[in-house]
Amino acid sequence: YFPEGAGALSDLLAEEPMIREDHTFGSGLTPSDSPNDYWGNRTRAEQLTSQSGLRDVHFEFDSFQLNEQAKATLAANAEWLKAHPHAEITIEGHCDDRGTASYNHVLGEKRAIRAKTYLASLGVSAERLHVMSFGKENPACWDSTEPCFQKNRRAHLVLDISVASTPMPYVADRRDW
């Protein structure tokens, strides 16, 4: 929850990019700052993403192919992104917990790349779309049931705010992705 006028989605979209050419960050956070800053910003990014209407896409077991429902969801996401040309997102690939960590990391990456490629084919600049894989780490659901497995097989979209510029080593410079 954000108080009126404090960190609203419209304010975020009007802000300057968080990463400047000199690799300093608009938020003032640097990789040496506390990991608590990362998770605080992550929470804010998730809340703003939820407010935006951007939605995750889900995949079948052991697949990175987009079904018709996933394509429809991505089409709606593309419309939102085209209406907000300064917004950037990270597409996180996720898997259920079946399979090895390395296999699921690769599958999660393929899911994120597939979602990015489809959004780009719908007219969203690929430069605004960043990908990463969590594999089977960071699940949305912890139960060992098929409905839970289905929730975890996803490409999760998150608006990029200062999350991309905080202490996680793999996001220090997104241009290397």
Original post:
With charges set only on the Cβ (+1 for Lys and Arg, -1 for Asp and Glu), what does the dipole of the range 76-116 come to about its Cα centre, in debye to the nearest 20?
Top reply: 180 debye
**OP:** Output ³J(HN,Hα) for the range 138-155: one whole-Hz value per residue in order, computed from phi by the Karplus curve 6.51 cos²θ - 1.76 cosθ + 1.60 with θ = phi - 60°, and x for Gly and Pro.
**Re:** 6, x, 7, 9, 9, 6, 9, 10, 4, x, 5, 4, 4, 5, 7, 7, 8, 10
**OP:** Excluding residues on the same chain fewer than 8 positions from K116, give the lysines whose Cα lies under 18 Å from its Cα.
**Re:** K71, K82
Original post:
Taking +1 at the Cβ of each Lys and Arg and -1 at the Cβ of each Asp and Glu, which of G93, P147, A120 sits farthest along the dipole of the range 61-149 towards its positive end, judged by Cα position relative to the Cα centre?
Top reply: A120
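No lab work stands behind these numbers, since they all come straight from the coordinates. Quick caveat, the model's predicted, so the values are computed rather than measured. Here Cβ is always computed from backbone atoms with ideal geometry, including for glycine, and neighbour counts include all displayed protein chains.
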